[in-house]
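One structure below.
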Amino acid sequence: GGYEEETLEVLAKKARNNRVDNVIVESNFGDGMFNSLFQPVLQKYHSAGIEEVRHNKQKERRIIDTLEPIMNRHKLVVSKNTIVKDVSKNVKTQERLNYSLFYQMTRLTKERGALKHDDKIDVLAMACSYWTEAMAKDEDEDLKKYKEELLQEELNKFMNNAVGYN
């Protein structure tokens, strides 16, 4: 549906129904035009933010570089219902099979144009990248807070021993 009003409304309603806080859009898609058109429609139905990401690496390599470490460490968790829904919805014909996440996942290579459709695997990679970065930030922040707490404890002990200050 591209930029049609009906398509934008469906996406905005999905964001509302799923209580999405932040919509991530690949800015390469229409050079930011999508965001300009989608923002007012989204705000009409739901008060979520829109965040742009821009990719300048070959798509297949970017997807593999993002997902491979996660999958090699067995950290990608997918609900059984998602798998069943994906397979049952998409196995009817070869053309439909091209739209299956798990079909895309099992056939992706680093060759440019390896897949006829890579939409679902691309979105999965974007989501994994987002959460990997978010968790790394949280981990760094937690480590910083922990070190500050240890330092404060040591300062309190020192002050207590040196001058009887607590």
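Show the residues, 5+ positions off or on another chain, whose built amide H is closer than 5 Å to the amide H of E26.
V53
Considering only DSSP states other than H, G, I, E and B, which chymotrypsin sites (Phe, Trp or Tyr not before Pro) in region 24-118 qualify as loop sites with at most 16 other Cβ atoms within 10 Å? Don't skip to the end; give the middle numbers.
On the way: sites: F29, F34, F38, Y45, Y99, F102, Y103; in loops: Y99.
Counting only loop positions with at most 16 other Cβ atoms within 10 Å, the chymotrypsin sites (Phe, Trp or Tyr not before Pro) in region 24-118 are Y99.
Within region 66-109, which trypsin sites (Lys or Arg not before Pro) sit in a loop by DSSP and count at most 16 neighbouring Cβ atoms inside 10 Å? Don't skip to the end; give the middle numbers.
Numbers: sites: R73, K75, K80, K85, K89, K92, R96, R107; in loops: R73, K75, K92.
When the trypsin sites (Lys or Arg not before Pro) of region 66-109 are filtered for loop state and at most 16 Cβ neighbours within 10 Å, R73, K75, K92 remain.
Where only protein heavy atoms count, and the probe is 1.4 Å, what is the accessible area per residue for region 26-108 in Å²? If you can, show how the numbers build up before the last one.
Details: 5460 Å² over 83 residues.
On a per-residue basis, 66 Å².
On average, how much accessible surface per residue is there in region 114-166, in Å², for a 1.4 Å probe, leaving out ligands, DNA and RNA?
On a per-residue basis, 82 Å².
For the chain, what does -39500 (n - 2.57) per DSSP helix run (n ≥ 4), summed and divided by total residues, give at 222 nm, in deg cm²/dmol to the nearest 500? Numbers along the way, then the final one.
Working: 7 runs with 107 residues, N = 166.
That comes out to -21000 deg cm²/dmol.
Which pairs, out of K14/K110; K57/K120; K89/K120; K59/K92; K14/K89; K57/K145, put more than 24 Å between their alpha-carbon atoms? Please list the in-between numbers first.
On the way: K14/K110 32 Å; K57/K120 18 Å; K89/K120 14 Å; K59/K92 27 Å; K14/K89 19 Å; K57/K145 35 Å.
Correct reply: K14/K110; K59/K92; K57/K145.
Would you please name the trypsin sites (Lys or Arg not before Pro) within region 110-166 that are DSSP coil residues with at most 15 other C-beta atoms within 10 Å of their C-beta? Present the calculation step by step, with values, prior to reporting the outcome.
Values: sites: K110, R112, K116, K120, K137, K144, K145, K147, K157; in loops: K110, R112, K116.
Filter output for region 110-166: K110, R112, K116.
By the gyration tensor of its Cα atoms, with a ≥ b ≥ c the square roots of the eigenvalues, what is the shape of the chain: rounded for a/c under 1.5, prolate for a/b over b/c, or oblate?
It is prolate, given that a/c is not under 1.5 and a/b is the larger ratio.
Run the numbers on region 1-94 and let me know its relative contact order in percent, using alpha-carbon pairs under 8 Å that are six or more apart.
This gives 28 percent for region 1-94.
Rounded to whole Hz and in sequence order, give me ³J(HN,Hα) for region 36-50 from the Karplus expression 6.51 cos²θ - 1.76 cosθ + 1.60, θ = phi - 60°, writing x for Gly and Pro.
Per-residue couplings from phi come out as 4, 7, 7, 3, x, 5, 4, 5, 5, 9, 7, 9, 9, x, 10 Hz.
Tally up the carbon and sulfur contribution to the accessible surface of region 60-166 as a whole percent, 1.4 Å probe, everything protein left in place.
55
Calculated FRET efficiency, K85 and V123, Cβ-Cβ r, R0 22 Å, to nearest 0.05?
0.90
The values are calculated or read from the model by the stated rules, or taken from the named source; none is laboratory data. Computed from a predicted structure; not experimentally measured. Note: ideal-geometry Cβ built from the backbone for every residue, glycine included; neighbour counts use all protein chains shown. For the accessible areas, the whole protein counts, side chains as well, though only heavy atoms, and no ligand, DNA or RNA atoms are used. Shrake-Rupley method; radii C 1.70, N 1.55, O 1.52, S 1.80 Å.
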